[in-house]
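The values are calculated or read from the model by the stated rules, or taken from the named source; none is laboratory data. What you are looking at is a predicted structure, and each value in this text was computed from that prediction instead of being measured. Because the Cβ atoms are built from the backbone with ideal geometry, glycine has one as well, and the counts that use them run over all protein chains shown. Side chains included, ligands, DNA and RNA excluded: accessible areas come from the protein's heavy atoms. Shrake-Rupley method; radii C 1.70, N 1.55, O 1.52, S 1.80 Å.
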Amino acid sequence: MLPTIERYELTNEIGHGGMATVYRARDTRLDRWVAVKVMHPHLRGTEQARARFSREARAVAKLRHPAILEIYDYSGNESDNAYIATELLTGPTLRAYVDSTGEIPAEIAACICCELAAALAAAHAQGIVHRDVKPENVLLHENRTVKLTDFGIADMLDPTMSAMTATGQLLGSPAHMAPEQVESGDADARSDVFALGTILYWLTTGVLPFSGKNPHQVLKRVVECQPLDPLALRPSIGRPLRDLICRCLSKSPNDRFQTAQDLADELARHLATVGIADPRATLEAYFHDPKTEEVQLRERVIDALLAEARKAVAVRDRMAAIVALDRVLALHDAHAEALKLVGQLDHADRTRKVVRAGIAALAIAAVAGLWVSFAPKSGARRGDDLPGEVDELQLPDPSRRPEPTAVTPTPGPITAEDAAVAKVVRPAPKPVASKLRTVVFDPSPPNVTIAVDGAEPKAYGPSFRMVELAPGPHSFSFTGGHECCKPLTVEREVPGGTGEYVVSAKLEFRDAYVRVDSVPADVVVDDGLAAGRSLLLLAIPMKQLVERHRISVTAPGFEPYTGWVDVRAGVPTSHPVSLKPRDPR
């Protein structure tokens, strides 16, 4: 039976971290269910921990926003039981939801981050920088919306309170920290924009923009700030959203969105272009029935993109048409109307090229004609063409059509359409030494880049699934996205013949790493799969990209702990554990 803390009856534990445990509780005074965050007993005597706890309560109590966790009550510094009572959120963390659901539509990712950007804008307006924006600090609520939580290390822009975090301690989560936080510890609203950009990158690509074998390597990559192009990892997100993500992740704060509200507005504008006027309503529909909403959303997005492409083709805005059609074909690589519009673009390009060539030829002919008119007559003496001594210039009679002259076609490939427009005869094709063979890739996992014969690597996806190669020896180098897998080079002798030749590659997953944050203790993963000590990284062999493992933690004088942790290949994960002291009786 869990204890009662003042007016709150604690019923069961619903979460825990390095500083506190969160319980589901009943408010006996108001007869409602709440969440009560109780500071760990061993920290209650620490002045710094209590000050930080108080600061979180005071920070969030100022905020009123639909996407920010609401605080109801705070114990105060004088209470023996340091606690914060908040609204009770019903759903999992964003991290747990995505790990269990898998890939989500890019528009849903944009809707989530649009809501979170608006929440951060509300916090920034009150002078509060969150400093720890990450998927674990975002919770779903009532199967309809998202809530930003855990302002435990928020930085107050009020100078009377800023000293509390100016201790030189690196606060935050490495994979989501902005470069300036790592280098100097400084953070402002643009640092939260960067962190939200890492969430948007992760939601749209399935991987974090910065990862490594240990926290030090992660922080080094954050400072370098050179993430892989999200469009290469998932072409279906489209270029406009890709550009927005990259702006959030600019190394210099001056190159990012300068406020979270600017980011929220830009996300809202992007969503409006694909027919989403209300991100909050779209999220509610998606969380209620993800499969149905995903199908309908995909159709709405394709319809909106096709409408944009038609308009662009009509006004000959080639770039806008390509951007829209690229994404349509990434979502549906055999879409008939999209392919037709692409064909119209290609035909228009070829026609313009031929017309330009024809105009150039006529110009050359006209210049040549004028030269002939100006040229001295046969037999004329040198100097007869000096000014004042030339014959009267005879311009060609425009009513007389010149006799056609033979045109030698420019060397190079000419299509049937080119020939029809230019009225020239296609040159006979040169004999081909050896017929090319279609080589189809079959990588596992599919999130890889592939280099053929040492060429520049390309991201495997709708636009790059196969190549045409001459029969003979070839090498294929496969690299997993963000080091989730060990690189693999495959040597193949591509045979001659017809039909597709498949090159399969199964990459070996890298180890995942977990660090148990607790008092000094022994840690065992899955009854011996991995073992070590708390506060150290333990390597866990992986057979899949994401796995769930059982963690057992024991320490003298404490009750044993058993729990579960979700880990990702090649990525370090922190798992806070609060061990309960044994009853001395």
Filter region 498-508 for residues that are touching a strand residue (DSSP E or B) at 6+ places or on another chain (Cβ under 7 Å) and open to solvent by 80 Å² or more (accessible area, probe 1.4 Å) and give the result.
E500, K506, E508
Residues located in region 273-302, provided they are surrounded by fewer than 18 Cβ atoms within 10 Å (Cβ to Cβ) and either in contact with a strand residue (DSSP E or B) (Cβ under 7 Å, 6 or more places away or on another chain) or at pLDDT 95 or above (or both)
R280, E284
Quick one: what pairs do we get from region 572-585, first residue under 18 Å from K37 (Cβ atoms) and modelled with pLDDT under 80, second of a type in the set (D, E) and open to solvent by less than 30 Å² (accessible area, probe 1.4 Å), C-beta under 8 Å, 6+ apart or different chains?
none
When residues of region 509-554 are limited to those that are outside any strand (DSSP E or B) and closer than 15 Å to C485 by Cβ, the one least open to solvent (accessible area, probe 1.4 Å):
M542
Quick one: in region 36-53, which of the residues that are among the small types (G, A, S) and touching a residue at least 24 places away in the same chain (Cβ under 8 Å) is least open to solvent (accessible area, probe 1.4 Å)?
A49
Wholly within region 232-336, helices (runs of 4 or more DSSP H) carrying at least 3 residues that are over 20 Å from V193 (Cβ atoms):
279-288, 290-314, 318-331
Which one is modelled with the lowest pLDDT, of the residues in region 134-163 that are open to solvent by 20 Å² or more (accessible area, probe 1.4 Å) and among the small types (G, A, S)?
A163
Which pairs do you get when a residue that is under 14 Å from I450 (Cα atoms), found in region 487-506, comes within reach of a residue that is among the polar types (S, T, N, Q) and surrounded by 14 or more Cβ atoms within 10 Å (Cβ to Cβ), reach meaning Cβ atoms under 9 angstrom, with the pair 6+ apart or on two chains?
P487/S477; P487/T479; L488/S477; L488/T479; T489/S477; V490/S477
The lone exception for H216 - which of (1) open to solvent by 70 Å² or more (accessible area, probe 1.4 Å); (2) in contact (Cβ under 8 Å) with a residue 40 or more places away in the chain it fails:
(2)
Expected single match for farther than 26 Å from V218 by Cα and of a type in the set (S, T, N, Q) among S477, S444, S463 is S463
Kindly list the number of the only condition in (1) over 24 Å from R44 (Cβ atoms); (2) open to solvent by 60 Å² or more (accessible area, probe 1.4 Å) that fails for V565.
(2)
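Taking strands (runs of 3 or more DSSP E) that do not extend beyond region 47-156, which have at least 1 residues that are of a type in the set (S, T, N, Q) and out of contact with any Lys or Arg (no Cβ under 6 Å at 6 or more places or on another chain)? Please lay out each step first, then the result.
Numbers: elements: 71-74, 83-87, 138-141, 145-148.
Fully inside region 47-156 and qualifying: 83-87, 145-148.
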